[in-house]
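To keep things clear, I will list the structure first and then write my remarks on it.
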Amino acid sequence: MFESIILAGFGGQGILLAGRLLALAGMKEGKHVTWLPSYGPEMRGGTANCMVIISNEPIGSPIVTFPNTLFIFNQPSLEKFLPKLLPGGLLIYDSSLVNYNSSRKDIDLVAIPATRLSVDIGDQRVANLIMLGAYVARKGFPSTEKMLSALKETLGEKKASMFEINERAFRKGLTYGKEA
Amino acid sequence: MAEKLLMKGNEVLAEAAVRAGCRYFFGYPITPQNEIPEYMSWRLPEVGGVYLQAESEVAAINMVFGAAGAGARVLISSSGPGISLMQEGISYIAAAELPCVIINVSRGGPGLGGILPAQSDYFQATRGGGHGDYHLIVLAPHTLQEAFDLTVLAFDLADKYRNPVMIYADGFIGQMMEPVELRDPIDLSTLPPKPWAITGAKGRERNLIKTLYLEGDKLEAHNFRLKRKYDEIVRNEVRYELYMMDDADFAIAAYGTSARIAKTAVKVLRDKGIKVGVIRPITLFPFPYSVYESFANQLKYILVVEMSMGQLIYDVEYSVKGKVPVGLLPHAGGIAPTHEEIVSRILERVESRGDQR
Amino acid sequence: MKLVFSRPKSMFDRQTHYCPGCGHGIVHRIIGEVIDELDIRERTVGVAPVGCAVLIYDYINCDMYEAAHGRAPAVATGCKRVHPDLIVFTYQGDGDLASIGISEIIHAANRGEKITTIFINNAVYGMTGGQMAPTTLPGQRTTTSPSGRTPDKEGYPIKICEMLSILDGSAYIARGSLASPQKILQVKRYIKKAFETQIKGLGFSLVEVLSMCPTNWGLPPAKAQKWVEERMEALYPIGEFKMPKEG
């Protein structure tokens, strides 16, 4: 497998964390992984994105120019990154915030109202986990077990109390993704 | 085998230093290396060390002079503009033959430039950087595992040659995450003694750490002594990687992140049947001149890929001495070369030149 | 016969390279005597400046560094942090400390770095040949203020003791003068107290010494000493500016 992923949205939407969780779960699956954040002027401008590669082979460039999976958390990111998504690629977007207005038909599309669902759960900050759930539902990878183990490890002891709500969000995305 | 951890490059560099026995860090914040001082500020006290945020890079490097002179394993890190401010101190450290490790998580210049990754401090790193005749040993990791391993090696080389060693990383290496296997911490008691260090003149002649030689013949002798040391480093410490070079007609010369990108390009090109490889310097000083030279007769073309405007190419051209054409793919300002660009540059060459030399 | 005068044990048996009437030799000797009296030679570390006194390590027999211009407090900090039990002092002139090294000295003092600084103020750059220093007096002629320092153009003399005294990290700050034997004895008391402040771990200590540079002032030694008393002390009052708060 060679998964080249871009996750993009506003700062504060947990974009970097979602990318880290994917990379960590990928590592736990025995794959080679890289994670690369944007830390430049964009970060200061309130948008955030990161690039994740999960691969069977050692990874050369950690830079993703043309992703085969795109997580989109806001409208400007859709406009910026959709043209770069490879044909046959997967687009997962938060349909509570993003209006899909492209005519592209050569991609796999998952629209999930992640923000609305996260409000139902009780914390808007977990929309990122809902998106990840939808991804795992679509790809069957990484396993739920590895994703939750990555979540537990990343939250650590300090934020252990956040595990339960994040797990609920992940499972919600998983269910939604399977039904979609 | 130890468990692999997913870590950020800057944290890998910091943890590697701690495990290599570094107990002192002096620094000043600058992007994109801030995770190093942040990490050290909690990690060093944990192992009985000292983290001190200096008032400037100028002060920080002179604190390193003091701590290295006192016999400690000591680390300092910065990026472009901060490394420039340290050049005075680095020259003194090299002149006084004090061991220390300097990390440059480099960003784009000149001037304030930007905070995005670049490799534009190559000349500064490999030619000394400050005033006077001297060299740093310069190590350029291209993965985070290598960043860990080379940082540990850096402390050993620094002590062995009593010379400052620079880890020349770039912003990508500093900011990215990748699985890393951390080696066990060294046993500090196994480190060789430093009889020259400042420890208080108890029961011995006093020690003096100085760089002033007013008489010309004494200064020249000092310079010759340093040169003999650099020559020894050149003989012993050249490190490089040959990636798919055995049957290569074309080579890409690149280090650090550029070399990773080049490897991706090689895979794509090999799938198209083009015999291409990468010659990657791991030590930028000493540079693997003879390695490039040894391939000069085999190769039709060398493409130098660097995140700078043509610095590495000087050393590549010096190596092959006109025996093979050398081209340049430069980028700057945080724009990394893409493997697609590299592929098309090599393809252009394949098509336009055929098999001609 | 009773021995009434001898070289301090912590000094090398060597003639200094300083000009006749220069104050450095006097202060070197005071430091040697203080190190002897406190019996700390084997755990004392000196940091030499850039300037005439760079060769202080040729005279004082303890572990020593030679620092870059102005950076002695940073070098001393690095050493002291590695070896907190050593007694670390810097010896710096006015160009070194009050001009190029002003940042390093202020921050070392402000951190309460447990080091001792001996600051020689002779109102001129000595080694480079008599150029204007940050401490040069208004009206004083130097090779780079040939018609005399004018505050309007070159600014005012900088008062280090006054500045450093207000920092929370400084523990003992004093200014003495080499203008007379009595004042030289006072300087010795100050320097001893500065070292004691460090030994007790009470914080940063500094003694400024108003000193003569007959060569660059163009004055014979005796007149130079008088100039210190009449002109320099008028601008730079001597005395103790800040006393350590005992544990």
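The values are calculated or read from the model by the stated rules, or taken from the named source; none is laboratory data. Note that this is a predicted model, so its numbers are computed, not measured. We place every Cβ from the backbone using ideal geometry, glycine too, and count neighbours over all the protein chains shown. Note: accessible area is taken over every heavy atom of the protein model, side chains too, but ligands, DNA and RNA are not part of it. Shrake-Rupley method; radii C 1.70, N 1.55, O 1.52, S 1.80 Å.
Annotations for the structure displayed:
- Greater than 22 Å apart at Cα, pairs in B:Lys210/C:Lys242; A:Lys146/B:Lys263; B:Lys202/C:Lys2; C:Lys193/C:Lys223; A:Lys152/B:Lys8; B:Lys218/C:Lys9: B:Lys210/C:Lys242; A:Lys146/B:Lys263; B:Lys202/C:Lys2; C:Lys193/C:Lys223; B:Lys218/C:Lys9
- Gaussian network model of chain A, Cα within-10 Å springs - most flexible of A:Pro87, A:Pro142, A:Pro58: A:Pro58
- Accessible area (Å², 1.4 Å probe, nearest 10) - A:Lys31: 50 Å²
- Per residue of B:253-263, other chain Cβ atoms within 10 Å of the residue Cβ number 2 on average.
- Farthest positive-ward along region B:136-228 dipole, Cα basis, beta-carbon charges - from B:Leu157, B:Gly216, B:Thr199: B:Gly216
- On the basis of the beta-carbon distance and an R0 of 45 Å, A:Ile165 and B:Lys267 show a calculated FRET efficiency of 0.60.
- In this structure, B:Glu340 and B:Ile186 have a Cβ-Cβ separation that, at R0 = 45 Å, corresponds to a calculated FRET efficiency of about 0.60.
- The calculated FRET efficiency for the pair B:Arg228 and C:Arg7, based on their C-beta separation and a Förster distance of 35 Å, comes to about 0.35.
- Charges were assigned to the Cβ only: +1 to each Lys and Arg, -1 to each Asp and Glu. The resulting dipole of region C:143-247 about its Cα centre is roughly 280 debye.
- Per-residue ellipticity at 222 nm, computed for the protein assembly as shown from helices alone with -39500 (n - 2.57) per DSSP H run of at least four residues, works out to -11500 deg cm²/dmol.
- Residues whose placed amide H lies under 5 Å from that of B:Leu303, excluding near-sequence neighbours: B:Ala251, B:Ile252, B:Ala253, B:Gly327
- In nm, spacing of pseudo-spin labels at B:Lys218 and B:Val47 (7 Å Cα→C-beta vector): 3.9 nm
- Residue mean of other protein chain beta carbons inside 10 Å, B:185-198: 1
- In the elastic network of chain A, a GNM with C-alpha springs shorter than 10 Å, the most mobile of A:Gly133, A:Gly89, A:Gly26 is A:Gly89.
- Look at the stretch B:69-80: the mean tally of other chain Cβ atoms within 10 Å of its residues' Cβ atoms is 3.
- Under the convention that each Lys and Arg Cβ holds +1 and each Asp and Glu Cβ holds -1, the size of the dipole of region B:232-271 around its Cα centre is about 220 debye.
- With a simple spin-label model that places each label point 7 Å from the Cα along the Cα-to-Cβ direction, the separation between C:Thr144 and A:Phe10 comes to 5.5 nm.
- Percentage, to the nearest whole number, of Cα pairs in region A:49-89 over 11 Å apart: 67 percent
- For chain B, built as a Gaussian network whose Cα springs stay under 10 Å, the top-fluctuating residue of B:Ile186, B:Ile30, B:Ile282: B:Ile186
- About its Cα centre, the protein assembly as shown has a charge dipole of approximately 700 debye under the convention of +1 per Lys or Arg Cβ and -1 per Asp or Glu Cβ, with nothing else charged.
- In chain B, the longest principal axis of the Cα atoms and the axis of helix B:256-271 are about 20 degrees apart.
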